[in-house]
Amino acid sequence: MNYETVIGLEVHAELNTKTKIYCSCANEFGAEPNTKCCPICSGMPGVLPSLNEKVVESCVKAGLAMNCEITEYSKQDRKNYFYPDLPKAYQISQFDLPLCHDGYVDIYVNGETKRIGITRIHIEEDAGKLIHGLDGKESFADYNRCGVPLIEIVTEPDFRSPEEAHVFLETLRNILLFIGVSDCKMQEGSLRCDVNVSVRPEGQKKLGTRSEMKNVGTFKGAVKAMEFERDRQIAILEQGGTIQQETRRWDDAKGESVLLRSKEDAHDYRYFPEPDIMPIHIQAETVEEIRKTIPELPNEKFKRYMDEYGLSEYDASLIAFHIYFAEFFEKCIQEGGNPKAISNWCLGDISKILKQKEQEADAIPFAPKALVELTKLVEADKISNTSAKKVLDRMFETDKSPETLVEEMGLLQISDNSFLEGIVDEVMAENPDTPAQYKNGKTNVLGFLVGQVMKKSKGKANPQMVNPMIKERLEK
Ligand SMILES: [Zn+2]
C-alpha cells in the first residue's frame, strides 16, 4: 500500500526586542547565567508583569507578512505546567484569541508554488534553560531566557513531504529576517520547531493519528525527524498495528525519536485568562501603520526578478528567497551590474565558495561594487571567464580590487593581433592535417585548435579573436 505523509509545524521564533516581554530586563543571548533577570521574569511572588508594546507590534508585523487577519480584541492566558526551567509554574501565552489568524505563505518547491495555511500566530514568553552537569548528578537553572518574547507560528497540516516543510522553514526564516523581527540564529536557539507527523493510506480523507516532536533545533534535524517518524509510523501500520497519539523527543545525535509522554490535550494545561494583564485592543489605524513598515517580501522579489531582470524562475527563486543573496544582488544592480551576469556569479562560483566555507551570503567579504567591476572586466574582454574565477577566489582572501588583482596575477587577456597570429601559426604548423579534416566535415577540429592556442597562451588569449583567425586558416 502507498501512504501519504501529512505534516504540520509549530515554529517558535524569539523576537529581537531590546527588552523582555513583561519586564525591562535586557533581551540578550550569551550573558553569564542569571545576570539578565529580575523578580518579574524569575517568578517571585507579588510582582506584576507589564506587556512590552514592541512585542505586539512585531507579532502583528509577522502576521501581516504572512497574510493573516489581525485580531482586534485579543488577550493573554496562563498555561499551567511544572518544569524546573519555569519558575512561575505557568507560562503566559495566548489560548483562544491569538493576535493573528488565518493567513498563508506561498512556498516555491520543485518548480511550483504551493500555498501553506497559517492557522495562527500568537505571543508568549520563553522559559529558562537547564544545564546538566557532565557527571549526570547535577543540573543548573539559568533564568536569563525566562521572559524572552516569542511568537509561535502554527501552520495547517498542509505539507505532504519533509521537503515541503523544509522549504517552508527556509522561507519563513527569510520572511522574519526581511521584516527584521527576529535574528533567527538557529545555533542560539532563536528559531525552534515542533513537528507534527501522521501518515494515511493514499486516497483516504481522514487524517491519521499524529505524533508530535518537540523543540527540534535545526532544519536538517527537522527533516531527519520527519523522515524517521514517517517511516516509523508506516512500519507500525504495515505490521497491522495502530499509531498512538504521543509526544516524542527528537534525538539528533542518535537520529531517532523516543517517547516522551503519551497524549496530551489543551485541557491538561488548565488555561485561563491572565488576570494581571489587560486585554489587547488593536485599532485598524495601528495595523495600517505597521503594514507600511513591511519591506518587499521574498515572493514579491521572486516575481520582480523574473519580470524586471529576466531571470529564470529557478534562479530568481534561489536569490529572492535568501535574504543575504537578495540584498547583495540588489546592491550589485544599483552599482550598475548586469542582472543576469550577477545572478550567474552569485549562484555559481560565489555559492560554491560559501558552501565550502559553510557560510551564508552575509559573509561575502567584498563589496557588491567589486563584483560588478569583475563582471565588467569580463564583458570588456579584458580577462577570460577562467581568469575571472581565479580573481574571485582571491577576492575572498584580500580586499584588493579586481583590477589590481588582474594586474598582479598577470591575467590581462591578450588581444594583440600580431602576437596572437604568431601563436596561431605555431599551432597550425603542429597540426598540418587539420585543414583537410575540416574540409571533410570534421568541424570540431576548430574547437580543438582554439583550445591549443589557449593552452599555449596560458589561458590569456582572447578566444573571440582566436576563433576567426583559425577559421580563416582552415578554410584557406
Ligand atoms: Zn526581568
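The values are calculated or read from the model by the stated rules, or taken from the named source; none is laboratory data. Note that the structure is predicted; figures quoted are calculated from it, not measured. Because the Cβ atoms are built from the backbone with ideal geometry, glycine has one as well, and the counts that use them run over all protein chains shown. To get the accessible areas, we keep the full protein, side chains included, count just its heavy atoms, and leave off ligands, DNA and RNA. Shrake-Rupley method; radii C 1.70, N 1.55, O 1.52, S 1.80 Å.
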dims of segment 85-139, Cα set, principal axes, largest to smallest, nearest Å -> 52, 33, 10
Kirkwood hydrodynamic radius over Cα pairs of segment 228-270, then Stokes diffusion coefficient at 4 °C and 1.567 mPa s, in µm²/s:
109 µm²/s
In segment 232-301, if every C-alpha pair distance is counted and binned at 5 Å from zero, what percent goes to each bin?
3, 10, 9, 10, 10, 8, 10, 15, 14, 8, 3, 0
For Phe29 and Glu138, calculate 0.36 nm times their separation in residues minus their Cα-Cα distance, and state this gained length in nm to one decimal.
36.9 nm
Kindly state, as a whole number, the per residue volume in cubic angstrom of the convex hull around the alpha carbon atoms of segment 230-355.
278 Å³
P(r) tail fraction, segment 337-476 - alpha-carbon pairs more than 21 Å apart, %
51 percent
Report the full-extension gain for the segment Asn467 to Lys205: residue separation times 0.36 nm, less the Cα-Cα distance, to one decimal in nm.
87.9 nm
Over all alpha-carbon pairs of segment 96-199, lay out the pair-distance distribution in 10 Å bins, whole %, shortest bin first.
12, 38, 31, 15, 5, 0
Reported to the nearest 10 Å², Phe419 has, with a 1.4 Å probe, an accessible area equal to 100 Å²
Give me the distance in nm between label points sitting 7 Å out from Cα along the Cα-to-Cβ direction at Glu426 and Arg270, one decimal.
9.1 nm
If one computes the Cα centroid of segment 178-231 and of segment 381-411, what distance in Å separates the two points?
44 Å
In Å and from the alpha-carbon atoms only, list the Rg and Dmax of segment 178-244.
15.3, 49
Base-10 log of normalised Debye intensity for segment 417-475 (one unit scatterer per alpha-carbon) at q = 0.14, 0.23, 0.25 Å⁻¹:
-0.31, -0.85, -0.99
Calculated from DSSP H runs of 4 or more alone, at -39500 (n - 2.57) each and per residue, what is the 222 nm mean residue ellipticity of the chain, nearest 500?
-11500 deg cm²/dmol
Determine the relative contact order of segment 296-408: mean sequence separation of Cα pairs under 8 Å and six or more apart, normalised by residue count, in whole percent.
20 percent
Between Arg232 and Met44, what is the label-to-label distance in nm when each label sits 7 Å out along the Cα-to-Cβ direction?
4.3 nm
Using the beta-carbon distance between Lys376 and Met409 and R0 = 22 Å, what value does 1/(1 + (r/R0)^6) give for FRET efficiency, to the nearest 0.05?
0.80
Taking 0.36 nm per residue of sequence separation and subtracting the Cα-Cα distance, how much length would be gained by fully extending the chain between Asn440 and Arg115, in nm to one decimal?
111.2 nm
For segment 13-166, how big is the tail of P(r) above 29 Å, as a whole percent of Cα pairs?
29 percent
Eigenvalues of the alpha-carbon gyration tensor of the chain, times 5 and square-rooted, give semi-axes in Å, largest first, of 56, 27, 21
Can you pull a Stokes-Einstein diffusion coefficient for segment 296-408 at 10 °C (1.306 mPa s), Rh from Kirkwood over Cα pairs, as a whole number of µm²/s?
112 µm²/s
In nm, spacing of pseudo-spin labels at Lys476 and Glu335 (7 Å Cα→C-beta vector):
4.5 nm
Restricting to Cα pairs below 8 Å that are 6+ residues apart, what does the relative contact order work out to for the chain? Please round to a whole percent.
14 percent
How many Å³ per residue does the convex hull of the Cα positions in segment 1-81 occupy?
212 Å³
I need the trypsin sites (Lys or Arg not before Pro) found in segment 193-240, filtered to DSSP loop residues with at most 16 other beta carbons within 10 Å of theirs.
Lys205, Lys206
Magnitude of the Cβ-charge dipole of segment 417-475, K/R +1 and D/E -1, about the Cα centre, nearest 20 debye?
240 debye
Which residue, chosen from Gly133, Gly255, Val195, occupies the Cα position most advanced towards the positive end of the dipole of segment 3-290, where the dipole is computed from +1 (Lys, Arg) and -1 (Asp, Glu) charges on Cβ about the Cα centre?
Gly133
